[in-house]
Amino acid sequence: HVTVIGSINVDLFAQVPHHPRPGETILGDSGQRAPGGKGANQALAARGQGAEVALVGAVGSDSDAAIATERLRTAGVDLEELRVTTEAPTGLAAVTVSADGENTIVVLPGANASVTPEDVRSAVVRAAEQRIVLLQGELPRETTEAAVRRAGSDGHRVVLNLAPWGEIAPDVLRTVDPLVLNEHEAAAVATALALEIPEEPAELATALASSGIRSVVLTLGPRGAVVADESGARAVPAPSVSAVDTTGAGDAFIGGLVARLAAGDDLLTATSHAVRVGAYSVRHPGAQPSYPTTEDELP
Ligand code: ADP
């Protein structure tokens, strides 16, 4: 079983000829709303790879909540612990994408900001059997920290994707196994820990793992990933594919990773599966619609 404690958003995409400058109003070419949020994306990707998944978080009591949750519901993600609040709207990410593929993103956390340490503690306590508990960086920091501590002390395996990066307590970093980061986040964590930042990703992953973090998975886009623990680092190359849209590739990767960890794979084997799930997702447009299920053939 996998319990994801995380964010649920609607992504509002606007295709624009160029990004508006401060004070400028422009007409977009086209746009649409799509389900998103790292918690929701990773929960869906893990479900697609065969895991039993529950998602803990909050949405508003508005029409965006249906857009944000429909795919999760259809896929069979357990939404029993998803709170509907009247205090805040469903989280919203406004994304502008220009013709040259650059994007800008503004996230309005809304209901995600209302998820408290109490909400997540009770969800973790209620999990009777051993679980993978997966968190990201999009909930309030004290909620994430409380959830990691509680899940760790209850004997669950905690996977943390510290995205976006933000200050986090050192004991929380020592509890997670693995910490999953892209290169930007890894550099930020290394800086916060006052480590030197080596050029080579394998050395960076090793430096992080040697600082007391049990294991580290570093994602490297088309180059795949590196797995490191105190015994050293191993590179896991990604299959070569022609990328159409890399939105949500990191989330697809993490869903694939935790699904295989829940099935009993070791971290290196699970990562070899995760790079294939990530590579599958970049061949298709969008985030959630690009995620494979166990029916799909992976690259
Ligand atoms: P993020 O989107 O979080 O920055 P990455 O860009 O590192 O994460 O991508 C996550 C994973 O997705 C990679 O480890 C890889 O498995 C897959 N991936 C991303 N981009 C490509 C690509 N161009 N070709 C093949 N796989 C890719």
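Brief remarks follow.
- Here the average projected area of the convex hull drawn through the C-alpha atoms of the stretch 1-55 stands at 5.1 nm².
- The ellipsoid equivalent to the alpha-carbon distribution of the chain has semi-axes of 27, 24, 19 angstrom, derived from the gyration tensor eigenvalues as √(5λ) and listed largest first.
- GluC sites (Glu not before Pro) restricted to the stretch 26-108 and DSSP loop, no more than 13 other C-beta within 10 Å: Glu80, Glu87, Glu102
- Leading residue at positive end of dipole, the chain (Cβ point charges), from Ser122, Leu218, Gly28: Ser122
- Selected from His273, His18, His156 as most flexible by GNM, with the chain as the system and alpha-carbon contacts under 10 Å: His18
- Most simply put, the chain has about 45% antiparallel DSSP beta bridges, counting only bridges with both residues inside it.
- Spatial offset of the stretch 110-177 relative to the stretch 263-278 amounts to 22 Å, using the alpha carbon center of each.
- Taking all Cα pairs closer than 8 Å and separated by 6 or more residues, the relative contact order of the stretch 172-216 comes to 56 percent.
- Ordering 229-240, 103-114 by mean Cβ neighbour count within 10 Å, with the highest value first, yields 103-114, 229-240.
- For the chain, the relative contact order works out to 17 percent when only alpha carbon pairs closer than 8 Å and six or more residues apart are counted.
- Selection among Leu72, Val97, Ala46 by position relative to the dipole of the stretch 1-128 gives Ala46 as farthest towards the positive end (Cβ unit charges, Cα centre).
- When shorter helices are ignored and each DSSP H run of at least 4 residues is given -39500 (n - 2.57), the per-residue value for the chain at 222 nm works out to -10500 deg cm²/dmol.
- Efficiency of FRET between Gln32 and Ser61 - r from beta-carbon atoms, R0 25 angstrom, step 0.05: 0.65
- Computed E for Thr246/Arg141 - FRET, C-beta separation, R0 30 angstrom, nearest 0.05: 0.65
- Rounded to the nearest 20 debye, dipole of the chain from Cβ charges on Lys, Arg, Asp, Glu: 360 debye
- Note on the stretch 169-290: Cα Rg divided by 2.2 N^0.38 Å, N the number of residues, gives 1.03.
- Neighbour counting of Cβ atoms within 10 Å sorts the residues Arg141, Arg149, Arg21, fewest neighbours leading, into Arg21, Arg141, Arg149.
- Sequence ranges 196-207, 169-180, ranked by mean other-Cβ count within 10 angstrom, highest first: 169-180, 196-207
- Cβ charges +1 (Lys, Arg) and -1 (Asp, Glu), total dipole of the stretch 191-260, debye: 260 debye
- Residue among Thr206, Gly110, Val84 farthest towards the positive dipole end of the chain, charges placed on Cβ: Val84
Bear in mind that the values in this text are calculations on the coordinates, not laboratory data. Worth saying up front: this structure is predicted, and the values here are computed from it rather than measured. As a convention, Cβ positions derive from the backbone with ideal geometry for all residues, glycine included, and neighbour counts pool all protein chains shown.
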